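Accompanying notes for the structure given below.
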Amino acid sequence: MSILLDNKYKIEISIFIFFTFLLVIESFFHFYSSKLSYFCFQDLKFSLLCNGQYTQQVYDFFDLYKTGYNPIIWNENGIIETIQIIFLLLTIFNILKILPSVKKIIINQFFYFFLCFYLILILYYFFEEISWGQHYFKWSSTNYFLEHNNQKETNFHNISNLLDQLPRTLLTVWCALPFLIFKVFSKFNFNKMFLNFVYPSSQLRIISYILLIFLLPNLIVGSLVGELDNNSTISINSTDIFNFITLNFIRLSEFQELIFTIYLYYHIIFFKKLILSKI
C-alpha cells in the first residue's frame, strides 16, 4: 500500500507541476497580450507601426484588449477556486475517515481533540472560501457584511486584516516550512503522534518547494522595490518588469491558496497512511 501511495503521489504531483507550467504560460500571454500586440518582432521593439502597418494587424495572435488575469481561470467560481474547493472537501472527508481510528489507537485523548480542532479549522477555511454558500446560492449579504466586508460578501476574512492575514500567514508557514516546524518541535518533549502529524512524510517537501517558488520572489522583491512606474505606455515599464520577476502576472494569492489546499490534502493522506499502519 505504501509503494502504491508513493507512486500515485508522484504521478499526481507530476500532473500538478505540468498543470502549473501550462498555467504560467497561459497567464503570461493573457496578462501581457495587450503590450505584446505592440511588439514588432522584425525590428525587436515596441511600436505602433511595423513595416508600415499597425503592429496589431501584422501580429494578430496578440489581443490589444486582452490584459490582466483570465476571468475563466481566476475569478470567483473559476477553475482555480473550484479545484481549491474540491481539495478541501477531500481533506475534510479523509479527516472524518481517520478520526475513529485515531481514537482507537491513541492513549492520550488530547491528540484526538487536537485533530477535531484541526477539522474545525479546515471546515472554517472551506466555508470562508465559498462565503458560507453565497457563491453558489447567490443570496444577498446582510447589512453588517455590506458595511464591513470590503467585497460585500458573507465571510469574515474580508472584514479585517487580522482575520485575513494572520490565518493566511499561519497557513503559509504550516504548508511552506513543515520540515522546520518538525525540527523545532522535535527538540521538545512532544507526543510522537503529534510529531507525525506535523510532518507525516518528507515527500510533502515537494509541495512546500512549489509554494516557496510562488511566494519568495514577491516577498523579497516587493520589500526591496520602491515606487513603480504605472504610466500606461506601449512599451514595457517598471511595473511590467516587477510583475514578471515576482510572477504577479498570475493571481498569486489565489494560486498560493490552491497550493495550500493541495498540501492540506496530501498531508492528511500521508498521515492516514501512518494511522492505518498502526491498526
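The values are calculated or read from the model by the stated rules, or taken from the named source; none is laboratory data. Note that this is a predicted model, so its numbers are computed, not measured. Don't worry about glycine lacking a Cβ; one is built from the backbone with ideal geometry, like all the others, and counts go over all protein chains shown.
Scanning the range 27-84 for residues that are among the small types (G, A, S) and touching a residue at least 12 places away in the same chain (Cβ under 8 Å) yields S27, S33, S34, S37, S47, G68.
Tallying residues that are under 24 Å from the mean Cα position of the chain (by Cα) and either part of a loop (DSSP other than H, G, I, E, B) or not β-branched (V, I, T) (or both) within the range 232-272 yields 26. Would you check if D229 is acidic (D, E) and either touching a residue at least 40 places away in the same chain (Cβ under 8 Å) or outside any loop (DSSP other than H, G, I, E, B) (or both)? No, not satisfied.
Looking across the range 113-149, the residues that are closer than 25 Å to T169 by Cα and among the hydroxyl-bearing types (S, T, Y) come down to Y118, Y124, Y125, S131.
The set of residues from the range 192-226 being polar (S, T, N, Q), surrounded by fewer than 15 Cβ atoms within 10 Å (Cβ to Cβ) and either under 25 Å from K35 (Cα atoms) or touching a residue at least 24 places away in the same chain (Cβ under 8 Å) (or both) comprises just one member, Q203.
Considering (1) closer than 18 Å to D240 by Cα; (2) exposed (fewer than 12 other Cβ atoms within 10 Å of the Cβ); (3) modelled with pLDDT of 90 or more; (4) not polar (S, T, N, Q), say which one K8 fails and leave the rest. Failed condition: (1). Using the structure shown, decide if G52 is under 29 Å from the mean Cα position of the chain (by Cα), surrounded by fewer than 16 Cβ atoms within 10 Å (Cβ to Cβ) and not polar (S, T, N, Q). Judged against the criteria, G52 is not a match. Considering each residue of the range 149-162 in turn, none proves to be modelled with pLDDT under 95 and either more than 19 Å from E254 (Cα to Cα) or touching a strand residue (DSSP E or B) at 6+ places or on another chain (Cβ under 6 Å) (or both).
Scanning the range 146-187 for residues that are among the charged types (D, E, K, R), part of a loop (DSSP other than H, G, I, E, B) and either under 26 Å from S131 (Cβ atoms) or touching an Asp or Glu at 6+ places or on another chain (Cβ under 8 Å) (or both) yields a total of 2.
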